[in-house]
Structures are given as C-alpha cells and as structure tokens.
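Written out below as structure tokens is the structure these notes cover.
The values are calculated or read from the model by the stated rules, or taken from the named source; none is laboratory data. Since the model is a prediction, treat every value here as computed from it, not as a measurement. Glycine gets a Cβ as well: all are built from the backbone with ideal geometry, and neighbour counts include every protein chain shown. All accessible areas refer to the heavy atoms of the entire protein, side chains included, with ligands and DNA or RNA removed. Shrake-Rupley method; radii C 1.70, N 1.55, O 1.52, S 1.80 Å.
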Amino acid sequence: MPALATSAQNYLHETLGVSTSSHEPWAGLESLPYFLRDAFDFWQLDILGHKVLLALERNPAKPSIGDIRNRLDKLRLVAGQPVVYVTEALASYERKRLIVQKVPFIVPGNQLYLPDLGLDLREYFRQRPSSTDTPLSPSAQAMLITALLRPRWEAEWHPAETAATLGYTPMTLSRAVRELVAAGLAQAHKAGRSQYLNMTYSAHETWEQALHLLRSPMQRTVWISTQIRTELPVRVAGLSALARLSMLTEPRSPVFAVSRTAWQALKADIVELPEAMPGACEWQLWNYTPTLQPDSDTVDPLSLILSLRDSTDERVQSALEALKEQLPW
C-alpha cells in the first residue's frame, strides 16, 4: 500500500473516527490513458460502505488546480465512483480553489474535503463523542488568548510564531494546535512547510465559545514580605490589576503574578508567610506566563477576567463587566 494512501487512511480514522476497510489496489488501472497513469498512484478504500478511489499525487511539482480538476473528472467517468485527490501539501489558495470547484481532496494530517460523501460523514461525525467539553491545557489557553489579544484581528494566524514567543517546544505547540482544532475553535492547514490556524468565529465569538473551556490561570496564592527581583517576568494581577483598569478601589495588599517556572528560581530565597500580614504582598503562581501582553505592567485582561470570574463580590463583578466593555472587539 503506498505510503500516501496509508497516511490518508490513518487520517480518516483519526479525524472522523471511521474505519476504512477493504483497501486494495484499483483494478481499473489498465483502462486509463497513460497521462493519468503517470500523474497518480491509485488505491481504493471502502468508507462507510462507499467505494472511494484515491488519486495519489506522484509529481512533487503539482499541476494547476484546473488540470487537477480535469483529470479527476476523467477518472470519475472511467471509475464510476467518487475520486478523491490526495497530496502531501496544499497552499491555502489551492485549498480554497478546490473547495470552490467542489473537488474532493485529502491532505493527511492537515485537512480534508469530501463533498461526495458529505452527508454520510456528517451524520457519522455527529454521533462521535464530543471533545468540546474538555478544558484547554494551560499552553493552549495561553496561545488562544495571545491570538485574541493581537492588535489587529485576523482569522488566520501562525501558531508557531506564538509558541516561539511563549517559549513552547514543538511538542507543546502540536498538542495546543490539536486541542484548539478539537474544540472547534479553529481549523488547521498548511502552506508549504508552515502550519496555520483559521479561527472558526470572530474574536468576540471565539471568546464566548471558549469560555467554558478556559480556567483560571492561578495554581495557588502565596504571601511574602520580601521584594522580588523586578527583572523577572512578573505583572500586577488580581484586584490590583483590576483597580488599574477600572474604578475599583486598590486592595490593601498589592497583588502580583508570576509563572510557576519563574517561581522555582525565586522560592529558595523567599520565606512564605502563613497568612496575609500588614505590609505583605499577595503572589499568584500561574500555570502560564502572566506576560502575554509584553507592553503592559498588568496581566492581560482576558486572563484577569478568568482569574476573578468566580468572585462573589458584586463590586468585583461590576468592575469585570466594565473591563469587558473595553475589549477591542
């Protein structure tokens, strides 16, 4: 079985949860003109009782979209069954043109478009257990919030750039992308070797859709009386940050946030207090960096909202509502 066909089969199983049985070489190869035999490898799959012919791209320098469509039309006439174009990569403009022309395609590990089987696959997909109730990991949440905080909102963004800014490894990046896609918040596609995400909704709608998947960034709170080195990635947080961004009165004890990683470098020289005391500071230990907005001395507004949304203080909730009205979307 060709490697590209194996990748397509595995991708169908992983993405749609469907088994692809009765995979075999296509018996109609001899009936094709030579230019089609030279252009593709062929493999036949049975998907949910439908025989589908995979046309596996052989030429690294792909033909034009018009040529691909003409070749697939000829194949469909000869084969008498749905034909799906399979290739290792598609640029975003190529994907859009194929969809506009209703050309079925699979890019293993990236995207698929199967209009000929749309009804069956949609019905099957609806019956799959939903993963949209699983909270996002801290890294996926931080990447999503960073994308939402961009000065200029665009549906398409490059997650690798965001991950690099946050210091995430390629493995963490891949996991975060899978989470955002599985939650229905974005769709992934490749342009050359770069992977991009297209957000499913507008910025405001994305925030609303994601709220039930987002958690407070705080892991725990500590009280200390000593000063912390200001060169470390810390930010004003909690009620102190909310007071700066609204009409709320400053709290008696200032509140700061630091990531758990940064805290590891600090705690050896710090004595934690057993409780709040006069002159002490409250420090929140976050599951991700509080510096998602590098040009601000406070934590970002979205993480701040998440950290305080369970407060029972009506004044706090009123200040949070005022803060939401300041969001750029």
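Evaluating Glu161 against the criteria (1) in contact with a Leu (Cβ under 6 Å, 6 or more places away or on another chain); (2) over 22 Å from Gln219 (Cβ atoms) leaves one unmet condition, (1). If the condition is being open to solvent by less than 30 Å² (accessible area, probe 1.4 Å) and aliphatic (A, V, I, L, M), then the range 37-61 contributes Ala39, Leu45, Ile47, Val52, Leu53, Leu54, Ala55, Leu56.
Checking each residue in the range 29-62 for being over 18 Å from Leu98 (Cα atoms), in contact with an Asp or Glu (Cβ under 6 Å, 6 or more places away or on another chain) and of a type in the set (A, V, I, L, M, F, W, C) picks out only Leu48. Note on the range 75-93: among residues that are open to solvent by 40 Å² or more (accessible area, probe 1.4 Å) and in contact (Cβ under 8 Å) with a residue 40 or more places away in the chain, the one that is farthest from Thr6 (Cα to Cα) is Val78.
Only residues that are in contact with a Gly (Cβ under 8 Å, 6 or more places away or on another chain) and surrounded by fewer than 17 Cβ atoms within 10 Å (Cβ to Cβ) were counted in the range 278-304, giving 0. Taking Pro135 as the residue in question, decide whether it is open to solvent by 50 Å² or more (accessible area, probe 1.4 Å), at pLDDT below 90, over 15 Å from Thr289 (Cα atoms) and not in a helix (DSSP H, G or I). Here the answer is no, as Pro135 does not meet what is asked.
On the given criteria, is Val271 out of contact with any Leu (no Cβ under 9 Å at 6 or more places or on another chain), at pLDDT below 90 and surrounded by 18 or more Cβ atoms within 10 Å (Cβ to Cβ)?
Details: out of contact with any Leu (no Cβ under 9 Å at 6 or more places or on another chain): yes; at pLDDT below 90: yes; surrounded by 18 or more Cβ atoms within 10 Å (Cβ to Cβ): no.
Considered against the rule, which asks whether it is out of contact with any Leu (no Cβ under 9 Å at 6 or more places or on another chain), at pLDDT below 90 and surrounded by 18 or more Cβ atoms within 10 Å (Cβ to Cβ), Val271 comes out as no.
Summed over the range 94-113, the residues that are of a type in the set (A, V, I, L, M, F, W, C), touching a helix residue (DSSP H, G or I) at 6+ places or on another chain (Cβ under 8 Å) and open to solvent by 20 Å² or more (accessible area, probe 1.4 Å) give a count of 1.
Here Leu213 fulfils each of the conditions (1) aliphatic (A, V, I, L, M); (2) within 22 Å of the chain's Cα centre (by Cα); (3) more than 18 Å from Leu166 (Cβ to Cβ); (4) open to solvent by 10 Å² or more (accessible area, probe 1.4 Å) apart from (4). Residues in the range 263-295 that are in contact (Cβ under 8 Å) with a residue 60 or more places away in the chain and closer than 25 Å to Glu205 by Cα: Asn287, Tyr288, Thr289, Pro290, Leu292, Gln293. Restricting the range 296-314 to residues that are modelled with pLDDT of 95 or more and either over 27 Å from the mean Cα position of the chain (by Cα) or part of a helix (DSSP H, G or I) (or both), the residue that is nearest to Ser202 (Cα to Cα) is Leu302.
Selection of first residues in the range 97-117 that are over 20 Å from Asp67 (Cβ atoms) and of second residues that are of a type in the set (Phe, Trp, Tyr) and assigned to a helix (DSSP H, G or I), restricted to Cβ pairs under 6 Å at least 6 apart or on distinct chains, gives the following pairs, ordered by first then second residue: Pro108/Tyr11; Gly109/Tyr11. Among the residues of the range 305-319, those identified as open to solvent by less than 60 Å² (accessible area, probe 1.4 Å), touching a residue at least 40 places away in the same chain (Cβ under 8 Å) and within 21 Å of Trp286 (Cα to Cα) are Leu306, Ser307, Leu308, Val316.
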